[in-house]
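Asker: Below you'll find the structure I mean.
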Amino acid sequence: MTSSALVPTPGHDFADRIAEVNRHTAETRIHVRVNLDGSGVSNLHTGIGFFDHMLDQIARHGLIDLDVHCEGDLHIDGHHTVEDVGITLGQALAQAVGDKKGLRRYGYAYVPLDEALSRAVIDLSGRPGLYFDIPFTAAMIGQFDTQLTCEFFQGFANHALATVHIDNLKGINAHHQAETAFKAFGRALRQALERDARMAGVIPSTKGVL
């Protein structure tokens, strides 16, 4: 018989959850700064207008202060820019979240926009995985290739060490499909990152580690 208990540590104080990450490759130069306990303020420059708009959804709905500056090889296409921003954001979140003591760990959200409805579910599990289903009705939204939505979330999940499920349940307009997915992701992330004072000092896993 196995017995386990999650016992809070009395008097534990949560530290600031802020991180900065620089990623420089032959394809992109990226700086990301996150404050997980912010108010949703963003400063975004990726060179792809619609992608900036989607990152702003994460910041606003996740209540994360987010700075992203990227100089990418957009003369080729947007792939390296979008994927590498996902990677760098995931790395920054992993650094900022620390040992995950006191976190709710899980988060989920459903978000509608007119005819579109998307669901996001997140587990800050330490086990990276993306399960993604958005049947986009258009290949491009402005200068943004809709296929890159999956690449962004894959990069994030791999480097944030998170399990992420993203599903568009309904949708006709591709802009709406994408926007509901990013908004739902931001909302789910906000919930997963919330700090529960009753669990202060406790890692939310029977394993004792995440």
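Every read-out reported here was derived from the displayed coordinates using simple, explicitly stated rules and does not represent laboratory data. Given the structure is predicted, the values throughout are model-derived calculations rather than measurements. Heads up, the Cβs are rebuilt from the backbone with ideal geometry, glycines too, and the neighbour counts pull from every protein chain shown.
Asker: Taking Cα atoms, how many degrees apart are the long axis of helix 49-62 and the longest axis of the chain, rounded to 10 and kept between 0 and 90?
Answerer: 20 degrees
Asker: If you find the alpha carbon centre of region 85-107 and of region 50-73, how far apart are they in angstrom?
Answerer: For region 85-107 versus region 50-73, the Cα centre distance is 16 Å.
Asker: Moving on to the next point. Amide H of Thr146: which non-local residues (sequence gap of 5 or more, or other chain) have their own amide H closer than 5 Å, using H built in the peptide plane?
Answerer: Distant-sequence amide H within range of Thr146: Met140, Ile141.
Asker: Another question, then. Cα atoms only, region 18-199: Rg and Dmax in Å?
Answerer: Final numbers for Rg and Dmax: 15.1, 51 Å.
Asker: Next up: Modelled label-to-label distance, Gln95 and Ala26, 7 Å Cα→beta-carbon offset: nm?
Answerer: Once both label points are built, they end up 2.5 nm from each other.
Asker: What is the calculated FRET efficiency for Gln143 to Ile18, with r their C-beta to C-beta distance and R₀ = 30 Å, to the nearest 0.05?
Answerer: On the way: r = 31 Å, r/R0 = 1.04.
Once rounded, the FRET efficiency stands at 0.45.
Asker: Within straight cross-link reach of Lys101, meaning Cα distance under 17 Å, which aspartates and glutamates are found once same-chain residues fewer than 8 apart are removed?
Answerer: By straight Cα distance, Lys101 reaches Asp13, Asp16, Asp37, Asp123, Glu194, Asp196.
Asker: Ranking Thr81, Thr137 by Cβ neighbours within 10 Å, fewest first, what do you get? If you can, show how the numbers build up before the last one.
Answerer: Values: Thr81 24, Thr137 15.
So the ranking, lowest neighbour count to highest, is Thr137, Thr81.
Asker: Arg104 label point, 7 Å along Cα→Cβ, cut-off 18 Å on backbone N: hits in region 38-54?
Answerer: Residues passing the 18 Å test: 38-40.
Asker: Which of Val209, His80, Pro128 sits closest to the plus end of the dipole of the chain, meaning its Cα is farthest towards the positive end, when Lys and Arg get +1 and Asp and Glu get -1 on the C-beta?
Answerer: Val209
Asker: May I ask you to list the lysines whose Cα is less than 17 Å away from that of Lys170, ignoring any residue fewer than eight positions away on the same chain?
Answerer: Lys183
Asker: Which of the listed residues, Ala59, Leu169, Ala197, is farthest toward the dipole's positive end in the chain, when Lys, Arg count +1 and Asp, Glu count -1 at the beta-carbon?
Answerer: With unit charges placed on the Cβ atoms, the residue in question is Ala197.
Asker: Under a GNM of the chain (C-alpha, springs under 10 Å), which listed residue has the highest mean-square fluctuation: Leu44, Leu189, Leu89?
Answerer: It is Leu44.
Asker: Asp37 versus Asn173, label points 7 Å from Cα toward the beta carbon: distance in nm?
Answerer: 3.8 nm
Asker: Give a quick list of GluC sites (Glu not before Pro) in region 60-169 that DSSP marks as loop, anything other than H, G, I, E or B, with at most 16 other Cβ atoms within 10 Å. Present the calculation step by step, with values, prior to reporting the outcome.
Answerer: Numbers: sites: Glu71, Glu83, Glu115, Glu151; in loops: Glu115.
Answer in residue order: Glu115.
Asker: Based on other C-beta atoms within 10 Å, arrange Ile64, Ile172 from fewest to most. Show your work: numbers first, answer last.
Answerer: Values: Ile64 26, Ile172 11.
Fewest to most other Cβ atoms nearby, the residues stand as Ile172, Ile64.
Asker: For region 75-196, with only Lys/Arg (+1) and Asp/Glu (-1) charged at the beta-carbon, what is the dipole magnitude about the Cα centre, in debye rounded to 20?
Answerer: Working: 11 positive and 14 negative charges, 132 e Å.
Dipole about the Cα centre, nearest 20: 640 debye.
Asker: Tilt of helix 174-193 relative to the longest C-alpha principal axis of the chain, in degrees (0 to 90, nearest 10)?
Answerer: 20 degrees
Asker: Determine, for Arg198, Arg17, Arg127, the number of other Cβ atoms within 10 Å of each Cβ, and report the residues in order from fewest to most.
Answerer: Values: Arg198 8, Arg17 19, Arg127 11.
By the 10 Å Cβ count, ascending, the order reads Arg198, Arg127, Arg17.
Asker: Take the Cβ-Cβ distance between Val209 and Tyr131 as r, set R0 to 25 Å, and report the resulting FRET efficiency rounded to the nearest 0.05.
Answerer: On the way: r = 23 Å, r/R0 = 0.93.
After rounding to 0.05, the efficiency reads 0.60.
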